[in-house]
Structures are given as C-alpha cells and as structure tokens.
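To start, the structure itself, in structure tokens.
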Amino acid sequence: MVLYNKYDKETLRKKLEAENFRRITLSFYRYVIIAEPQMYRDELYLKMDRLGILGRVYVAREGINAQINVPAHHFDDFKALLEDDPHLKGMPLKIAVEDDGRSFLKLIVRTRKKIVADGLEDDSFDVTNVGKHLSAREFNEAMEVPGTVVIDMRNYYESEVGHFEGAICPEVDTFREELEKTVEMVADKKDQKILLYCTGGIRCEKASAWFRHHGFNDVNQLHGGIIQYAREVREQGLKSRFIGKNFVFDERLGERITDDVISQCHQCGAPCDDHVNCANDECHLLFIQCKDCAEQFDGCCTPACQEIYHLPLEEQRLRRKGRKKSDTLAVYRSRLRPDLRQILSAAREGSLKKV
C-alpha cells in the first residue's frame, strides 16, 4: 500500500492537464488534540487519495492545517469525509476566490511538531485565549475606529503584493520573527484596538493569544483570513480595504483581490505583482518578475542562473548533486533578499568592461 506520491513533477502536470473535470481549491485548519498523529496521517492520506484530492496537509498533535483542491464531482464525498471524522466535523472551509483547478499537482500529508512553525512554548501562555473573530463587514467598520492598529501577520513577500490599507507590514521572513517584532512595534498601544489578519486565519489564532498574553486589551482577528474576507466582500457588495493580490502557497502563488498593482518587478522596476520561482532548479528563488523580464531571462533571476538553466540537463543534475550551500551562485532563502536590479546592473557593467 503506497501512502505517498511516486510520480515526477512533469508526469503529474500532464496528468492534471488531461483532466476533463473541475477542481475546487480550498483550505481549512483546526486546533484539536490528535492522539496518534502518524496513524491519523496514514488514514487521512488514504481517504483523500481515494477521492483524487491534491494538496498539502500537515498533521500534528495540536491539530491539522490543509490547503487542497478537490474534484468537483467528489465535493459532497469530501464534506462527508469531514463530517465522519470527529476531529474535522463542522469544519469551516475557505474556498479560493480565483481558481483554475491547477493549484496543486500531488497529495502530500505530513506529520509535524506544529501545524504552523511559531517557535513558541505553548505551555508558557494560554493558546485558547484568542481575540475576537470579525467578519469582513465588522473588520471594515473596526478599521474606521480612531486609533485602530491593523497588523499584517504574514511574511514580507506576502504583504509586498497585497495588504490592508494602512496596515503595519513588518519586514520579516518567518512567522516566528513576526510574533516577536509586532508585539515590540506596538508595545505602547496596549489599550488601542488591534486588528490582526493573515491568509486563512490560522496564524492569527496563535498571534491573537500571544498579543493578549502580552497585555493587549482589545485584540481582534479577521475570521477566515483574507480568503474569506474577499469572498464576503464580493457576496455582500462591500468595499475591499485589502488592495492587490493575496499570496497563496500553491502553484498559483497568488489570487487577485483588487486590480491594484502595488509592487514592482524585482529586475526592471516595472509595475508587477507576479511571483515566480527562478527556473534554474539549483536556485528556485522566489521573486517578482514581469513578462518582459521573464522572456529576456528565461524565467531566471540572474544571468548566472540563466547560464546554468541552458546547460544540458545531466550537467545541471551533476551540479546540484555536488553543490554546497556555501558555494552556490544562487540564493536559497528569501531572507537574503538579493537586490536583483543591482546584480543585473553589475553584470551589464562587467560585460561592458570585457568589451
């Protein structure tokens, strides 16, 4: 019995493209005690695999966190699966607002120490003492209250392409950093109304309890995150106070909420909010690239990566097999934040000097 994917990415992509049915992309999470995470993981994988579900699911003793897509003709079966599981019964679902059904290529179900890496010792504070959950309408109204503080609980590359008007968007790369930094940034505002938001709500569950633990008196969080907010705004005809794109952690890398483009191509500076991963498999840096630069650099982040990208595949594989992180051309972690425009400028100057 196979409890994991055994096909390569290209095979999976072709299989997905050949499907003649629609898929529904959604996410859900719940903090609930799971006594045997590994056993539960195996059972859940089998149930989801039988329904043709694709996506990424994390299971931990503290709960479950999932981003998946479900064949539309199996959606009722999927909801029945949730209702038959005492851990998942009555689960609120956040359905994507932009969905071409190509959000995931395979099913991954993994056990983790935590469903969201936060670096906190949960025994040190009451994780159930969370903030007040607000609907889209309530969140908009709360933003109008004088002195309200709105905080984006996502990483910098997420808020770079979309965020709430006037929100504090810390320059951080991990949720762990964000928790510490945001509390410090607003330490003098403990009696003001605090509004927290994230992609689907899961990070705010922990963050709101962390803020309350640190003495903030009026802590609120966006129920269902940006995903649910966008759906409620459209259904109720509300004004969207969130502008731009909502970054998502799947093949789409983003879904548009408003027509505003608030970021720039990292290579040329043109207005753009399309995230891509560098086409050089030795790099895969996440960055923003416009169509012109994508064509000019073959989807790569620098000329050095473009050169590697055009090497024979076998030579590329040998490079990756023998490389060390200390001697790579490419950037592997977003936190290094290379200035691609500066790199390209230096590369051009170098070419001119050679001439």
In region 325-355, residue modelled with the lowest pLDDT [restricted to those that are part of a loop (DSSP other than H, G, I, E, B) and among the β-branched types (Val, Ile, Thr)]: Val355
Taking region 1-43 and keeping only residues that are surrounded by 16 or more Cβ atoms within 10 Å (Cβ to Cβ) and hydroxyl-bearing (Ser, Thr, Tyr), one is left with Thr25, Ser27, Tyr29, Tyr31, Tyr40
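Going by what's in this entry, would Val109 be described as within 19 Å of the chain's Cα centre (by Cα) and under 22 Å from Thr11 (Cβ atoms)? Full working, then the answer.
Details: within 19 Å of the chain's Cα centre (by Cα): yes; under 22 Å from Thr11 (Cβ atoms): yes.
Against the criterion (within 19 Å of the chain's Cα centre (by Cα) and under 22 Å from Thr11 (Cβ atoms)), Val109 qualifies.
For a quick check of your reading: which strands (runs of 3 or more DSSP E) sit entirely within region 63-169 and have at least 2 residues that are assigned by TED's automatic domain parsing to the domain that holds Phe287 and touching a Gly at 6+ places or on another chain (Cβ under 8 Å)? Please lay out each step first, then the result.
Details: elements: 63-71, 107-111, 132-134, 149-152, 162-164.
No strands (runs of 3 or more DSSP E) qualify here.
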I need the full set of residues from region 118-153 which are over 14 Å from Trp210 (Cα atoms) and either among the aromatic types (Phe, Trp, Tyr) or at pLDDT below 95 (or both), in order please. Phe139
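Is it fair to say Lys15 is more than 18 Å from Ile202 (Cβ to Cβ), in contact with a Leu (Cβ under 7 Å, 6 or more places away or on another chain) and not polar (S, T, N, Q)?
no
Condition check: in contact with a helix residue (DSSP H, G or I) (Cβ under 8 Å, 6 or more places away or on another chain) and either crowded, with 18+ Cβ neighbours inside 10 Å or in contact (Cβ under 8 Å) with a residue 40 or more places away in the chain (or both). Does Cys305 satisfy that?
Details: in contact with a helix residue (DSSP H, G or I) (Cβ under 8 Å, 6 or more places away or on another chain): no; either crowded, with 18+ Cβ neighbours inside 10 Å or in contact (Cβ under 8 Å) with a residue 40 or more places away in the chain (or both): yes.
In short, no.
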Any residue in region 125-141 that is closer than 22 Å to Ile226 by Cβ sitting within a Cβ distance under 6 Å of a residue that is assigned to a helix (DSSP H, G or I)? List the pairs, counting only those 6 or more apart or interchain. Val130/Glu205; Val130/Ser208; Val130/Ala209; Gly131/Ser208; Ala136/Tyr229; Ala136/Glu232; Ala136/Val233
Do you know which of the residues in region 275-324 that are among the aliphatic types (A, V, I, L, M) and not in a loop (DSSP other than H, G, I, E, B) is nearest to Leu253 (Cα to Cα)? Val276
Only residues that are under 21 Å from the mean Cα position of the chain (by Cα), crowded, with 20+ Cβ neighbours inside 10 Å, of a type in the set (A, V, I, L, M) and assigned to a strand (DSSP E or B): list them for region 205-262, please. Leu222
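The values are calculated or read from the model by the stated rules, or taken from the named source; none is laboratory data. Treat the numbers as computed from the prediction; the structure is a model and nothing was measured. Cβ coordinates were reconstructed from backbone atoms using ideal geometry, including for glycine residues, and neighbour counts include every protein chain displayed.
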